[in-house]
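Reading through the structure tokens given below for one structure.
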Amino acid sequence: MRIFLRQMDGIDTGGCGTSWRSGLRGVGSLGDVDDRSCHVAHAPGEKDHAKDEEASAAAGAASYWRGTRVRQEEEQRPWWRLNLPAPQIQIDAPRQDGETGENGSMSIEYDGYDLVQECLEYYVDKSLEARNQRRVYEKELHALNQRENADRSLHKDLGLSLRCLARFFWHYPVVIFHTNGSTQAELAWLKSLAPPHMKVSFEEVLAHYRTFDAPSLTDTSYEEVRKYLLEGRPFVITDGARGLPMSVWDCDFVKQAFPQSRIRQEGGRSERNAIKMNSNWQQKVSKYPGAEKYPEGAPRIRPFYWDIAKAYEDEKERQWGKDPRKVVQQIVKTSQVPYWLPPQSATEMGHSSEMWFHPKGAGARAHMDPHCKTTVSFCFSGQRKWRMMVPPPNPHPAGYFDGEIYGRGEWRPTFELLAPNGSAVVVYPGMVHETLSTGEECSSSVSQTFEHPVPAAYFRAFWPRFARVKEDVGGCAFLVEQLVTLRAPQAPRVRAAPEVVARKAAKHFAHKVDFDGDGVISEMELLRASGQDDNSELISFHDTNRDGKVTTAELVASYVMFATSLMEEQPGRTEL
């Protein structure tokens, strides 16, 4: 975690600031600083204190951690009206090849109260913090690389820094930056430590992704995309539909091949398939109701939708047209696993098919899919823009049905991809996503789900928030529980429990799995537990520090994460 003062007496941090972090490995430090240096530009009393760049002294540091998502909530109180002198902080980034000077050094000069100087040094100075950390961990029974929780010393130490800031800089709001590994109990505990007059808010850093790059690949392989599939990173393969029998299914082909079928236009009041496939539906342009209020870049035109393969048997009342069974058989028979995925059932992929037809400017509004498998969308004509994001840490209780996110201020897409004709785009369960046809011709695509691999690291990183979604991805608890318990057939069910109780059960489970007691769950021990030769998904799920191995500490942390998430109602538990 990092604790940060939004604005501190005229400091122009330019990418650093008064901050404190206890990261995923439990190591407290300032971490790497993006800028070459940061320092105080002015002191109280100077005439140019009103410069624009000093009006928001903390914006640079906040921006470094949250990119373009930084919210502009800077305190309006002018710093020059305060009586406290401005600290002067100098931080030099690590040397590059051929450079001279100190390597990552820091100096702090506070021409004011000694108590403030000591406070700032203690909570900002990297070396002092490191020495204190070593002292703290001498009394801790937990390993240095274990994720800390709200009742542990480092978080108590962070609470003390809140008191320090409140004493000397109480005029300003404080933001605590945390990773997606922080629990709600941790955040509530920390907030309770803040003095009543201090405004404290929390901002999440998506440390799981580190960057929001969405790779664009061509002529790839499963070996190359496997890491993205396990991580849950969206990507596009420009020739991802290469070799598929269905790759010729553009809008005109489908009209000619299935003239007696029926489709529907999305965004209406009825799910009935009211449009004949052989009609002139490509020329029908209808806007979504209320589209003028949608955010910039969102689709305004309604697309057409055909989900006959997965829905006609259970939803016959929707009027599918002539010989729906025969049509489905042809869709399933034509489906094929793409060249870049591992071998699996093409039949199951075919039965999950949804076809989308986007005339120019049409698209699917931002929504979350109601299943637990990864989706691939093959584009057979035209071109589409995709935008995606994971839901916020506290998801909306109404869920994420088509376009509902637009009016709630939550839509902040972090991934953007361009999918040309012949491409494939991957979408993960729980990922809120949107499409827009950007080409001149009608864009045709089929979306299908696949079984392997499971986006294991993605579920590990974001399950605490997914568990709070009462539908869609919230029903995937059964899948996450299997990963937590190493898919061991005889593993006991994970019970909903507070942290103390869950940790005791987790340690008992880890002790039974770690046969040699060396603190590492070896590949042989994973094989004994799961009975499977390939345990890459299990390793990806539990290996939170990404060193290629699973420790008992990581196993315990995953177990505790899941058990505490079950304190929320879990609809998907009944699927086991």
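Numbers at a glance
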{"item": "Charge context of Leu538, other residues only, Cβ under 13 angstrom, K/R +1, D/E -1", "result": "-4"}
{"item": "Glu271/Ala488 FRET efficiency (R0 41 Å; Cβ-Cβ; nearest 0.05)", "result": "0.50"}
{"item": "Hydrodynamic radius (Kirkwood) for segment 471-576, which is based on Cα pairs only, to one decimal in Å", "result": "13.9 Å"}
{"item": "Leading residue at positive end of dipole, segment 446-561 (Cβ point charges), from Val560, Ala510, Val454", "result": "Val560"}
{"item": "Label-to-label distance, nm, for residues given as Gln532 and His197 (7 Å Cα→Cβ offset)", "result": "5.7 nm"}
{"item": "Derived scalar couplings ³J(HN,Hα) [segment 347-359; Karplus, 6.51 cos²θ - 1.76 cosθ + 1.60; whole Hz; x for Gly, Pro]", "result": "5, 5, 4, x, 6, 9, 5, 10, 9, 10, 10, 10, x"}
{"item": "Segment 301-359 - percent relative contact order, Cα under 8 Å, separation 6 or more", "result": "51 percent"}
{"item": "Accessible area per residue in Å² at 1.4 Å probe, computed on segment 383-503", "result": "33 Å²"}
{"item": "Long-range HN-HN contacts of His208 with modeled amide H, under 5 Å", "result": "Asn180"}
{"item": "Size of charge dipole - segment 375-449 - debye, nearest 20, with Cβ of Lys, Arg +1 and Asp, Glu -1, no other charges", "result": "160 debye"}
{"item": "Glu315 accessible area, 1.4 Å probe, all protein chains in place, Å² to nearest 10", "result": "60 Å²"}
{"item": "Simple Cβ-charge dipole of segment 468-576, Lys/Arg +1 and Asp/Glu -1, about Cα centre, in debye nearest 20", "result": "480 debye"}
{"item": "Burial ranking of peptide ranges 531-540, 235-244, 275-284, 550-559 (average Cβ count within 10 Å, highest at the top)", "result": "550-559, 235-244, 531-540, 275-284"}
{"item": "Cβ-defined net charge surrounding Trp320, 15 Å radius [Lys, Arg +1; Asp, Glu -1]", "result": "+2"}
{"item": "Inter-part distance where segment 448-494 and segment 334-398 are each reduced to a Cα centre, Å", "result": "19 Å"}
{"item": "HN-Hα J in Hz across segment 418-424 - Karplus 6.51, -1.76, 1.60, θ = phi - 60°, x for Gly and Pro", "result": "10, 10, x, 4, x, 9, 9"}
{"item": "HN-Hα J in Hz across segment 234-244 - Karplus 6.51, -1.76, 1.60, θ = phi - 60°, x for Gly and Pro", "result": "x, 7, 10, 10, 5, 10, x, 8, 4, x, 7"}
{"item": "Estimated D of segment 343-482 in µm² per second, where Rh is the Kirkwood radius over Cα pairs and Stokes-Einstein applies at 25 °C, 0.890 mPa s", "result": "157 µm²/s"}
{"item": "Peptides ranked, highest mean first, by Cβ atoms within 10 Å: ranges 486-492, 257-263, 357-363", "result": "357-363, 257-263, 486-492"}
{"item": "Convex hull projection area averaged over all views, segment 200-282, Cα basis, nm²", "result": "10.4 nm²"}
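The values are calculated or read from the model by the stated rules, or taken from the named source; none is laboratory data. Small disclaimer: the values here were computed from a predicted structure and weren't measured. Glycine gets a Cβ as well: all are built from the backbone with ideal geometry, and neighbour counts include every protein chain shown. Ligands, DNA and RNA are excluded from the accessible area calculation, which covers all protein heavy atoms including side chains. Shrake-Rupley method; radii C 1.70, N 1.55, O 1.52, S 1.80 Å.
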